[in-house]
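In what follows, a structure is listed as structure tokens, so that the remarks can point back to it.
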Amino acid sequence: MGFFADRSGLETFAGQSPVDVAKPMVAIIFIWSGAAIAGNLIAAPAKFQAPSLTLPVALDVGRMQFQWLGVAEAVCAFLVLALLLASKRMASWQLVAVFAAFALQRLWILPVLDERTLAIIAGQPVKESSLHLVYIAAEVVKAACLVWAGSQAMRPLSARSRA
């Protein structure tokens, strides 16, 4: 049994009628992209610009920010996966890249950065690290692929509105 790509950029099993998930898929993907961009690319660096926050306080706030943002992103990931399963569709390569970047961040990068952050908060010396740059690169890839996947998922909606 083969796969074919439909206009949404998602792949579906040939011969099976998928559940229509375009609207909730678009909503969840764009909520996820907005949360990721706002939380990871805007708010995270912004707190270090506040002169009244000491580095340990900013890092502690950041730890909580990333923890709760991770929960929100995990919920979005679960919902996207549930919609894919309900629709009998396979994820586009953009969504695969999103899941890979999210897993990389949550399972490897953030645990290492969290240890480093705790050491800095405790006043311990830490070695220089470029892991933040790896995290930022993964975040940019994730955000771009989310926006791209959301745009692809909107295609059938715009086609329906013209019909």
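The values are calculated or read from the model by the stated rules, or taken from the named source; none is laboratory data. All of these numbers come straight from a predicted model, not from anything done at the bench. Positions of Cβ are generated from backbone atoms using ideal geometry, with glycine treated the same way; all protein chains shown enter the neighbour counts.
Data table
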| quantity | calculated |
| --- | --- |
| Condition check for Val57: surrounded by fewer than 18 Cβ atoms within 10 Å (Cβ to Cβ), closer than 18 Å to Leu146 by Cα and either of a type in the set (A, V, I, L, M, F, W, C) or modelled with pLDDT of 90 or more (or both) | no |
| Residue check, Arg116 touching a residue at least 24 places away in the same chain (Cβ under 8 Å) and either of a type outside the set (Ser, Thr, Tyr) or not in a helix (DSSP H, G or I) (or both) | no |
| Some residue of region 152-160 being under 30 Å from Ser92 (Cα atoms), touching a helix residue (DSSP H, G or I) at 6+ places or on another chain (Cβ under 9 Å) and without any contact (Cβ under 8 Å) to a residue 12 or more places away in the chain | yes |
| Hey, Arg106 over 15 Å from Ile29 (Cα atoms) and at pLDDT below 95 or not | no |
| Out of Leu146, Leu133, Leu118, Leu95, sole residue that is surrounded by 13 or more Cβ atoms within 10 Å (Cβ to Cβ) and more than 12 Å from the chain's Cα centre (by Cα) | Leu118 |
| Residue satisfying condition, being part of a loop (DSSP other than H, G, I, E, B) and either within 20 Å of Asn40 (Cα to Cα) or touching a Gly at 6+ places or on another chain (Cβ under 7 Å) (or both), within set Ser129, Ser52 | Ser129 |
| Single condition Asp20 does not satisfy, out of (1) part of a loop (DSSP other than H, G, I, E, B); (2) farther than 22 Å from Gln152 by Cβ | (2) |
| Total residues in region 71-92, condition within 15 Å of Ile28 (Cα to Cα), surrounded by fewer than 16 Cβ atoms within 10 Å (Cβ to Cβ) and not aliphatic (A, V, I, L, M) | 1 |
